[in-house]
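J.: The structure's right below; bear with me while I get my questions together.
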Amino acid sequence: MITNYQLEVSHLSLAVPLQGTMVEAVSDVSFRLQAGRVLGLVGESGCGKSLTAQALLRLGEHQGVQRLSGDIILDGSSLFTMSESELQQVRGGKIAMIFQEPMTALNPVFTIGTQIIEVMRLHRTLTAAEAKAKAIALLCDVGMQDAELLLRQYPDALSGGMRQRVLIAMAMATEPRYIIADEPTTALDVSVQKRIIALLRRLQSQHQQGMLLVTHDFGLVAEMCDDVAVMYAGQVVETGTVGDIFDNPRHPYTRALMHCRPEVASAGASLPVIAGQVPTPGAWPQGCHFADRCMLADHNCRLQAIDLNVWHGDRDHQARCLHGDRA
């Protein structure tokens with residue numbers, strides 16, 4: 001299949017070990033990352049966002065995650081047919097990841113310089129002096145002061161915001177084509193979050209990288225993203241551009257998430273919440289996974305699996321709902 005996209009997730013389903021058996025935790029997920037664009041993968045905790053993101057580097061397999069079906073295609077090749085040595089070239093080289101927790105993502109027994117330089121020398125042909133100079137330039141680029149001194153520091157000497165900047169520098173060090181950012185600002189205070197968001201967007205745009213931003217925050221999506229895929233209970237339930245999703249949401253779950261944003265709540269009013277909980281893998285409803293929490297759900301919603309449907313002839317805006325016109 002010829003495509004203009006270089007990184008494509010196609011009908012991916014994954015299973016995880018749960019109470020001694022394998023249960024499906026990601027079901028028929030498809031999306032594409034494009035150069036120069038940011039795709040937001042949005043949903044509550046437990047919806048399968050991080051599991052899907054980690055599958056782009058096959059990181060969950062050592063914890064027992066198994067592929068049930070589907071594929072991930074990079075440059076025309078399946079990640080699932082690559083050898084371990086080929087995967088090592090992809091991880092960090094072509095696809096880099098910024099992990100969720102900056103306080104634990106760095107190795108505490110190695111200096112910052114050692115960790116950044118190791119990444120570059122694994123994936124780029126650089127001398128030790130060239131790698132050190134590049135590391136200093138990267139730290140300066142992410143707004144770190146006294147970069148040369150910082151190379152000799154250990155992670156425990158840095159604040160959470162500083163560690164996250166180091167992780168961003170490490171991700172950018174090999175000039176990857178794709179960045180996976182898994183909840184990159186969750187552990188940071190609000191003022192630091194805003195600076196990290198602006199930094200990520202600037203670097204991504206400057207290098208024309210494709211980025212997958214995993215988040216539960218639609219406010220962050222509005223600031224960072226070009227495209228959106230909304231996940232619920234292991235499925236993508238709506239996809240579209242940021243304009244599609246914010247101006248014309250078609251899935252009740254998408255609309256409910258957007259109503260929960262603090263910035264849309266009235267002054268002094270309680271923050272809206274979505275009643276109920278995300279069903280766990282192995283306990284998904286037979287039909288629409290959101291049916292038990294949805295005010296529009298009827299008998300038909302609970303009968304059988306529901307496909308993504310195109311809205312208004314726009315193939316890039318799709319929703320997995322029988323009542324999208326009423327959402």
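Readers should treat all values here as calculations from the given coordinates under stated rules, not as data from a laboratory. Treat the numbers as computed from the prediction; the structure is a model and nothing was measured. Ideal geometry is used to build each Cβ from the backbone, glycine not excepted, and the neighbour counts take in all protein chains shown.
J.: For region 171-204 and region 9-61, what is the separation of their Cα centres, given in Å?
T.: Cα centroid to Cα centroid, the span is 20 Å.
J.: Now, a different point. Compute the angle between helix 190-207 and the longest alpha-carbon principal axis of the chain, please, reported from 0 to 90 degrees and rounded to the nearest 10.
T.: 80
J.: Okay, next question. Quickly estimate the mean residue ellipticity at 222 nm for the chain, helices only: each DSSP H run with n ≥ 4 gives -39500 (n - 2.57), and the total goes over all residues, rounded to 500.
T.: Theoretical 222 nm ellipticity from helices: -8500 deg cm²/dmol.
J.: Follow-up. Suppose R0 equals 41 Å. What FRET efficiency, 1/(1 + (r/R0)^6) with r the Cβ-Cβ distance, do Asn107 and Ser270 give to the nearest 0.05?
T.: FRET efficiency, Asn107 to Ser270: 0.45.
J.: In degrees, nearest 10, range 0 to 90: what is the angle between the Cα axis of helix 112-123 and the longest Cα principal axis of the chain?
T.: It works out to around 80 degrees.
J.: Let me ask something additional. Could you give me the percent of Cα pairs per 20 Å distance bin for the chain, shortest bin first, beginning at zero and ending with the bin that holds the maximum distance?
T.: Computed distribution, short to long bins: 30, 57, 13, 0.
J.: Report the full-extension gain for the segment Gln286 to Asp298: residue separation times 0.36 nm, less the Cα-Cα distance, to one decimal in nm.
T.: 3.0 nm
J.: I want to verify a result. In a Gaussian network model of the chain, Cα cutoff 10 Å, which of these has the top mean-square fluctuation: Pro262, Pro249, Pro279?
T.: Pro262
J.: How about Lys134: which aspartates and glutamates have a C-alpha closer than 15 Å to its C-alpha, ignoring those fewer than 8 places off in the same chain?
T.: Straight-line reach from Lys134, under 15 Å: Glu118, Asp146, Glu148, Glu175.
J.: Taking loop as defined by DSSP and a crowding limit of 14 other beta carbons within 10 Å, which trypsin sites (Lys or Arg not before Pro) in region 108-170 fit?
T.: Sites meeting the loop and neighbour criteria: Arg124, Arg152.
J.: Please determine, in degrees from 0 to 90 and to the nearest 10, the orientation of helix 128-141 with respect to the longest principal axis defined by the Cα atoms of the chain, where the helix direction is its Cα long axis.
T.: Helix 128-141 sits roughly 50 degrees off the main axis of the chain.
J.: May I pose another question? Express the C-alpha Rg of region 233-327 as a ratio against the empirical globular expectation 2.2 N^0.38 Å, rounded to two decimals.
T.: Against the empirical 2.2 N^0.38 Å value, I get 1.12 for region 233-327.
J.: Same structure, new question: Testing the spin-label approximation: label points 7 Å from Cα along Cα→Cβ at His62 and Glu263. State their distance in nm.
T.: Inter-label distance under the simple model: 3.9 nm.
J.: What number comes out for the charge environment of Leu212, summing +1 per Lys or Arg and -1 per Asp or Glu over other residues with Cβ under 13 Å away?
T.: -1
J.: For His11 and Thr241 in one chain, what is 0.36 nm times their gap in residues minus the Cα-Cα distance, to one decimal in nm?
T.: Additional length available on full extension: 80.8 nm.
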